[in-house]
Amino acid sequence: MKLIPIIADIWKMDGGVAFGVVPKSIWQKIYPADDNNMLDIVDRCLLIDSGERRILIDTGMGRKQSDKYYFHRGVKLEVTLEKSLADAGYNLSDITDVLFTHLHDDHVGGATAFDPSGHAVPVFPNATFWCSKTQWEWAAHPNKREGASYFPDNMLPLLNSGRLKFIHSEGWFIAGISLRIMNGHTIGHIVPLIDTNKGTIAYMGDFIATAANIPIPYIPAVDIQPLVTMDEKSSFLKEALQKNYVLFFEHDFFNECCTVTETPKGYASGNKFRLAEFIDVSDS
């Protein structure tokens with residue numbers, strides 16, 4: 001089974017959004033901001049090639065929104081999902097499954113594009129799309145806090161394709177990949193756990209967006225249930241420490257992976273490294 005990081009986007013996020021109630025005087029020591037308080041962020045997807053299936057976790061934000069949308073996010077337009085897949089030796093038609101951690105625009109937008117007639121359609125012609133049933137229901141009837149993160153032209157083409165399937169509970173996705181469901185960031189957020197011959201890799205999505213978000217209070221301002229996030233993180237990080245999980249970060253510009261350690265002040269990042277330093281990405 002091959003595991004290949006795929007960079008779909010490089011962009012900017014406000015530091016206050018990323019770390020919530022934690023003061024800038026504290027978080028800027030571990031994740032630097034520019035003069036406008038903006039952080040460098042990536043959308044780091046993960047391609048899992050089992051031989052029979054090629055599963056892509058998340059798709060980035062895509063390129064079908066307005067120029068204003070990308071300008072305000074500081075998106076580097078030259079970095080795209082399709083180009084990064086091509087650099088890894090794959091094309092859109094190779095993907096058999098797209099697994100969404102959740103349906104916020106920067107995780108699902110790359111799954112669709114406008115066709116010549118201006119209609120949004122899936123860009124993966126041979127893929128089955130997967131998300132949790134609870135996240136779909138939540139996203140289909142968005143609350144006022146999250147509404148701006150759910151775009152119909154990101155979601156409805158997947159449903160209308162007839163290739164969208166729902167995950168109803170935690171458990172095995174395929175052999176070697178199990179799924180957890182978290183509800184602090186948004187309802188029904190999936191955290192995939194991938195077994196390799198070197199250990200388990202946990203794809204964090206927005207559950208723990210960067211290594212700097214590992215300490216329990218470091219919760220993004222956009223989490224809809226921050227107290228739930230704190231409880232979920234406490235339980236998961238205890239398990240990750242006991243079982244030596246490697247955390248793989250979707251949004252951390254500086255760190256691809258890390259282990260978890262415990263200090264007198266609580267949980268923190270341990271060793272930091274690239275996925276290729278932990279396993280042979282060509283044969284995991």
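Worth pointing out:
- Farthest towards the positive end of the charge dipole of the stretch 130-284, among the residues PHE278, LEU247, ILE181, is the Cα of ILE181, using unit charges on the Cβ of Lys, Arg, Asp and Glu.
- 222 nm mean residue ellipticity, helices alone, for the chain (DSSP H n ≥ 4; -39,500 (n - 2.57); rounded to 500): -6000 deg cm²/dmol
- Note on the chain: dipole from Cβ charges, positive end direction compared against ALA86, ASN154, PHE124; the farthest Cα belongs to ASN154.
- Computed from backbone phi with θ = phi - 60° and the Karplus coefficients 6.51, -1.76 and 1.60, the 3J(HN,Hα) list for the stretch 39-44 is 9, 6, 9, 10, 10, 9 Hz; x is used for glycine and proline.
- The stretch 175-206-the stretch 33-101 distance, computed between alpha-carbon centres (Å): 18 Å
- Database remark: amide H of GLY62 closer than 5 angstrom to the amide H of GLY110 (H placed geometrically; neighbours at sequence offset of 5 or more, or on other chains; Pro and chain starts carry no H).
- When only the Cβ of Lys, Arg, Asp and Glu is charged (+1, +1, -1, -1), the dipole of the stretch 2-278 relative to its Cα centre reaches about 300 debye.
- Extension gain, GLU170 back to LYS24 (0.36 nm per residue minus Cα-Cα distance, nm): 49.0 nm
- Counting only lysines at least 8 places from LYS265 when in the same chain, those with an alpha carbon closer than 18 Å to its own are LYS29, LYS233, LYS238.
Readers should treat all values here as calculations from the given coordinates under stated rules, not as data from a laboratory. Computed from a predicted model, the values in this text were never measured in an experiment. With ideal geometry, Cβ positions are generated from the backbone for all residues, glycine too; neighbour counts draw on all protein chains shown.
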